[in-house]
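Colleague: Questions regarding the structure given below will be posed in turn.
Bear in mind these aren't lab numbers, they're just calculated from the coordinates by the rules spelled out. Keep in mind that what you see is a predicted model, and the values were worked out from it rather than measured. Cβ coordinates were reconstructed from backbone atoms using ideal geometry, including for glycine residues, and neighbour counts include every protein chain displayed.
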Protein chains: 2
Amino acid sequence: MARRPRRKAEETREDILSMAETLFRQRGFVAVSIADIASSLHMSPANVFKHFQSKALLVDAIAERHLGNATERFAAVDTSLPPKEQLLSFVLRLLDSHLQDIQQNPYIFEMVISTIDAKLDAGHRYRERIEQKLGEIIREGVAEGNYHCDNTAVAARTVADVLACVLHPILIAKDDKNTLVHRAEKIVCFVDAALQNNPC
Amino acid sequence: MARRPRRKAEETREDILSMAETLFRQRGFVAVSIADIASSLHMSPANVFKHFQSKALLVDAIAERHLGNATERFAAVDTSLPPKEQLLSFVLRLLDSHLQDIQQNPYIFEMVISTIDAKLDAGHRYRERIEQKLGEIIREGVAEGNYHCDNTAVAARTVADVLACVLHPILIAKDDKNTLVHRAEKIVCFVDAALQNNPC
C-alpha cells in the first residue's frame, strides 16, 4: 500500500500525456492549452501544472515517450557491408521514420517550430543517439582501413549536422520522399569521400 | 504623361511593401492581415489585393526586395586563395548576412515558417545564386587540380544542401554565432576533403 500514491501520480502523468496527444492531433498544437487538457480530463489546471510546469515540459515528455524507445531506428546495421552502405542504410531508415512521424502526428511540425528555442532534453538525447550510431559506423570504417579520421566523435557530429536537410522535421516536411532519398544518397557519397580523406 | 498611371501603380506597390514591412516589424508577421496593411495606407483591401493576390505573394515580393540585390553577398572571393579558403569565406559571409537579416527583421523567422510550403520564387532564386557561386569555386578547384568531380553542378547542389544547418534561418536563429562559425568550419573541411576525392 505504501507505493499507491506514487503509482497514482505516474498514471495521472500518463493520462495527461495521452490526452495532450489526442487533443494536439485533433486541434493542432498551438490551439490546445494546458487548461483544455485539464478540462478534458475533468482535472483542475493546477493539477496538470503539478506534473508539467509548462507546455514545453509537456512536449518534452511526449517527445521522450515517442523517441525514447524508438530502438528499431538504432538497431544494428549489417556490419559486413562497406561503411558507406551502412551509413546510407542508417540514414534512410531514420529519414523514413521521420516522415512517418510527421504523417502520423501532423502536429509535430507545429510542435517543433513552437519549441525550437526551448532546447528540449528529448531532442538532445535523440540527437546524441544519432551521433553515437554514426560514430560506431565511422570507427568501424577507421578500424578496417576504409576511413581516416583523427577524431571520430567530432566527425560524427559534423555528419549529423550535414544530414539536417534530410532528417530535420522542418526541412523535410514539405519535400517528397524521392527527392529526399536522392538528396540523402548524394550527401552520403560526400561524407564517404570525405571520411576516406581525413577531414577531421 | 502617358507613363503616369504605370508609374503610379509601381509607387503604390512599393508603398504597400514598405507598410507591410513596418507592420510586420511592429506586430509580427502572423498578426498582420492584408486588411491591416490597406487600412494603414488608407486604401481599400481590394486595392491591395490588386497588387498582391495573397499574403504569400506579398512575402515573395518583400523577400525579393531584400535578397534580389544583396549583391555584396555574392561578390567575388579572392581567387588566389585555395578553394577551401574561398568556400569558407563565402559561407561565413552568407552566415553573417543571414544572422543580420534575422536580427534586423525578427519577423523573418515567423515569415519563413509560415511560407515554408509556399515555395517562394524569391527563395528559389536566392538558392540558385548560392549554388552558382559554389559551382564557380568548385569548377576553379577542378581546373587547378585541387578538386576531382565529374558533375560540378550536382556537387554544388549537395554542398548547398549540407550547408543548411549553418545557413537556413530556422536552423540558425537560436544558435550563437561562435557555435555556427565553428560548425561551418567543420563542414567546409568535410566538403573540401570530399571534393578532393571525386564524390559526385
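Colleague: Send over the semi-axes of region A:4-53's equivalent ellipsoid, whole angstrom and largest first, taken as the square roots of 5 times the C-alpha gyration tensor eigenvalues.
Modeller: So the equivalent ellipsoid measures 20, 11, 8 Å along its semi-axes.
Colleague: How compact and how long is region A:109-200, expressed as Rg and Dmax of its alpha-carbon atoms in Å?
Modeller: 14.7, 44
Colleague: Something else: If R₀ is 30 angstrom, what is the calculated FRET efficiency for the pair B:ALA118 and A:HIS66, using the beta carbon separation as r and rounding to 0.05?
Modeller: 0.55
Colleague: Treating each Cα of chain B as an identical point scatterer and ignoring solvent, apply the Debye formula and state log10 I(q)/I(0) at q = 0.14 Å⁻¹.
Modeller: -0.85
Colleague: Report the extension gain between A:ALA56 and A:GLN26 in nm, rounded to one decimal, defined as 0.36 nm multiplied by the number of residues separating them, less their alpha carbon distance.
Modeller: Between A:ALA56 and A:GLN26, full extension yields an extra 8.9 nm.
Colleague: Hey, another quick one. Using θ = phi - 60° and the Karplus curve 6.51 cos²θ - 1.76 cosθ + 1.60, what whole-Hz ³J(HN,Hα) does each residue of region B:39-46 get, with Gly and Pro shown as x?
Modeller: Result, ordered by residue: 5, 5, 9, 6, 10, 7, x, 4 Hz.
Colleague: Residues in region B:66-106, backbone N under 16 Å from the label point at B:GLU128 (7 Å along the Cα-to-beta-carbon vector): list them, ranges by number please.
Modeller: Output list for this probe position: B:67-70.
Colleague: First measure r as the distance between the Cβ atoms of A:GLU10 and B:ASP15, then evaluate 1/(1 + (r/R0)^6) with R0 = 41 Å and state the FRET efficiency to the nearest 0.05.
Modeller: Here the calculated transfer efficiency is 0.10.
Colleague: Would you work out the Kirkwood radius for the protein assembly as shown? I mean one over the mean of 1/r across all pairs of different Cα atoms, in Å.
Modeller: Every distinct Cα pair counted, the radius reaches 23.7 Å.
Colleague: Now a separate question. Can you give me the three principal axis dimensions of region A:24-124 from its C-alpha atoms, in Å, biggest first?
Modeller: Extents along the principal axes, in whole Å: 56, 25, 23.
Colleague: Then there is this: Within 10 Å of each Cβ in B:106-119, how many Cβ atoms from other chains are there, averaged over the peptide?
Modeller: Per residue, the average neighbour count from other chains is 2.
Colleague: Place the label 7 angstrom along Cα→C-beta at B:ASP176 and in each other copy, then list the distances from the first to the rest in nm, shortest first.
Modeller: For B:ASP176, the other copies' label points sit at 4.4 nm, shortest first.
Colleague: In degrees, nearest 10, range 0 to 90: what is the angle between the Cα axis of helix A:177-195 and the longest Cα principal axis of chain A?
Modeller: 50 degrees
Colleague: Still on this structure, please answer the following. Does anyone have the angle between helix A:4-27 and the longest principal axis of chain A? Alpha-carbon axes, 0 to 90°, nearest 10?
Modeller: Rounded to the nearest ten degrees, it is 70.
Colleague: Within the set of other residues whose C-beta is less than 15 Å from the C-beta of B:ASN197, count the net charge using Lys and Arg as +1 and Asp and Glu as -1.
Modeller: The answer is 0.
Colleague: What angle, in degrees between 0 and 90 and rounded to the nearest 10, separates the Cα long axis of helix A:55-67 from the longest principal axis of the Cα atoms of chain A?
Modeller: 50 degrees
Colleague: Next question. Which whole number gives the average, over all residues in B:154-162, of C-beta atoms from other chains lying within 10 Å of the residue C-beta?
Modeller: 5
Colleague: Next question, about the same structure. Ignoring everything except DSSP H segments at least 4 long, calculate the 222 nm mean residue ellipticity for the protein assembly as shown; use -39,500 (n - 2.57) per segment, divide by total residues, nearest 500.
Modeller: After summing the helix terms and dividing by the residues of the protein assembly as shown, the value is -22500 deg cm²/dmol.
Colleague: Continuing with the same structure: Please compute the contact order of chain A in relative form: average sequence separation of alpha-carbon pairs under 8 Å and at least six residues apart, divided by the residue count, as a percent.
Modeller: Averaging sequence separation for qualifying contacts and normalising by length gives 21 percent for chain A.
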